[in-house]
Amino acid sequence: MNRSLPALLLLAAAIAGCAGSKNKSQPETVLVNPQVLLLGEVHDNAEGHKLRYRQLFQRVEAGWRPAIAMEQFDREHQALLNKAQRDCRDAKCLLLVMAGPHWDWDQYRPIIDLALRYELPLIAANLSRADASRVVRDGVASSFDEKTVAEYRLKEPLPADIVKTQQKEIVAGHCNMLSDMMVPGMVNAQVARDIWMAKLLRAQQPRDVVLIAGNGHVRKDYGVPRWLNAVEPRLTVRSIGYVEAAPEQGLYDASYTVAGKRRPDPCAGQKPKS
């Protein structure tokens with residue numbers, strides 16, 4: 001991969017030009033691209049999508065040629081995604097083949113066009129709803145083969161801090177309306193998603209890879225970074241959040257704070273679970 005001095009200088013200047021929109025407590029100073037770059041998002045925040053795309057574009061323009069893994073595509077559709085990438089010249093064509101519900105696809109067109117233009121492999125990185133439902137019912141290990149279960153020690157209890165933090169985020173994200181019996185299964189589904197993403201990112205080596213996913217998935221305390229180096233060999237990993245409020249220290253290697261989007265309160269009129 002091209003990491004010549006001129007390219008690095010261009011990248012350094014580009015990153016410096018974005019300094020006004022980042023969280024100063026977590027500056028982005030890395031010039032050499034990591035083996036795994038995790039780029040978060042607030043799914044419906046267009047400003048965050050634009051900033052993230054500009055920064056990824058600058059890296060690619062400077063010579064980096066990673067694969068791009070996307071939460072927006074379910075992993076079992078990889079063969080169809082490969083065919084669409086071979087047959088299509090632009091994101092509009094690829095999305096006619098691939099786009100499903102639940103995502104604002106216009107936000108992802110620039111990244112898909114970038115992948116097609118520079119022939120960067122697209123990787124389907126998410127757990128399908130059907131697989132997630134099985135995990136809710138049967139546990140995290142149910143979606144993996146025996147080798148993966150052994151590597152990630154999935155027959156043992158999940159790390160307590162991951163379970164506790166995932167549970168807190170899931171309950172808050174559902175307006176404190178979930179019944180207690182639903183929460184463990186939903187935690188298992190989120191953990192299974194993170195492990196699948198980590199597994200698929202590792203599978204791209206020796207090629208570098210970028211993950212496009214929600215901020216929760218790229219958090220260092222309980223997300224994909226925790227699972228990426230749960231097995232050997234260890235990889236160089238960098239996590240960047242694109243957030244609407246400055247995060248707690250240490251959740252990401254760097255973060256950029258973007259203006260929040262005005263939304264109706266999703267919990268308005270609902271009575272929280274006591």
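No lab work stands behind these numbers, since they all come straight from the coordinates. Computed from a predicted model, the values in this text were never measured in an experiment.
Below 8 Å, C-alpha to C-alpha, sequence gap of six or more: please give me the relative contact order for region 42-245 in percent. List each step's numbers first, then the result.
Details: 231 pairs, mean separation 55.0, N = 204.
Relative contact order for region 42-245 comes out at 27 percent.
Using θ = phi - 60° and the Karplus relation 6.51 cos²θ - 1.76 cosθ + 1.60, list the HN-Hα couplings for region 187-198 in order, rounded to whole Hz, with x at every Gly or Pro.
Residue by residue, region 187-198 yields 4, 4, 5, 5, 5, 4, 4, 5, 5, 4, 4, 4 Hz.
From the Cα gyration tensor of region 31-86, with a ≥ b ≥ c the square roots of its eigenvalues, which class applies: rounded if a/c is under 1.5, or else prolate if a/b is larger than b/c, or else oblate?
Values: a/c = 2.01, a/b = 1.26, b/c = 1.59.
The shape class here is oblate.
Under the Karplus relation 6.51 cos²θ - 1.76 cosθ + 1.60, θ = phi - 60°, what is the ordered set of whole-Hz ³J(HN,Hα) values for region 203-219, x standing for Gly and Pro?
Along region 203-219, the couplings run 5, 7, 4, x, 7, 5, 8, 10, 10, 9, 7, x, 4, x, 5, 9, 5 Hz.
Going by Cα centres, region 197-265 and region 76-120 are how many Å apart?
Centre-to-centre (Cα) distance: 22 Å.
What shape does region 114-188 take by its C-alpha gyration tensor, where a ≥ b ≥ c are the square roots of the eigenvalues and a/c under 1.5 counts as rounded, a/b above b/c as prolate, and the rest as oblate?
Details: a/c = 2.17, a/b = 1.41, b/c = 1.53.
Oblate, because a/c is 1.5 or more while a/b does not exceed b/c.
Would you count, across the chain, every pair of lysines whose alpha carbons are under 20 angstrom apart, provided the pair is eight or more residues apart or spans two chains?
Total qualifying Lys-Lys pairs in the chain comes to 18.
Full-extension gain between MET177 and VAL32, please, as 0.36 nm times their residue separation minus the C-alpha to C-alpha distance. Provide the component values of the computation, followed by the final result.
On the way: separation 145, 0.36 × 145 = 52.20 nm, distance 4.46 nm.
47.7 nm is the gain from fully extending MET177 to VAL32.
Using the Karplus curve 6.51 cos²θ - 1.76 cosθ + 1.60 with θ = phi - 60°, work out ³J(HN,Hα) for each residue of region 143-151 in order, rounded to whole Hz, and write x for Gly and Pro.
Computed from phi, the couplings for region 143-151 are 9, 10, 6, 4, 4, 5, 4, 5, 4 Hz.
Given H placed on each backbone N at 1.01 Å, which residues far from GLY139 in sequence or on other chains put an amide H within less than 5 Å of it?
none
Under the classification rounded if a/c is under 1.5, otherwise prolate if a/b is larger than b/c and oblate if not, where does region 181-274 fall, given a ≥ b ≥ c as square roots of the Cα gyration tensor eigenvalues?
Details: a/c = 2.54, a/b = 1.48, b/c = 1.71.
The shape class here is oblate.
Using modelled backbone amide H atoms (1.01 Å from N, in-plane), which distant-in-sequence or interchain residues come within less than 5 Å of LEU122's amide H?
Sorted by chain and number, the residues that satisfy this are ILE68.
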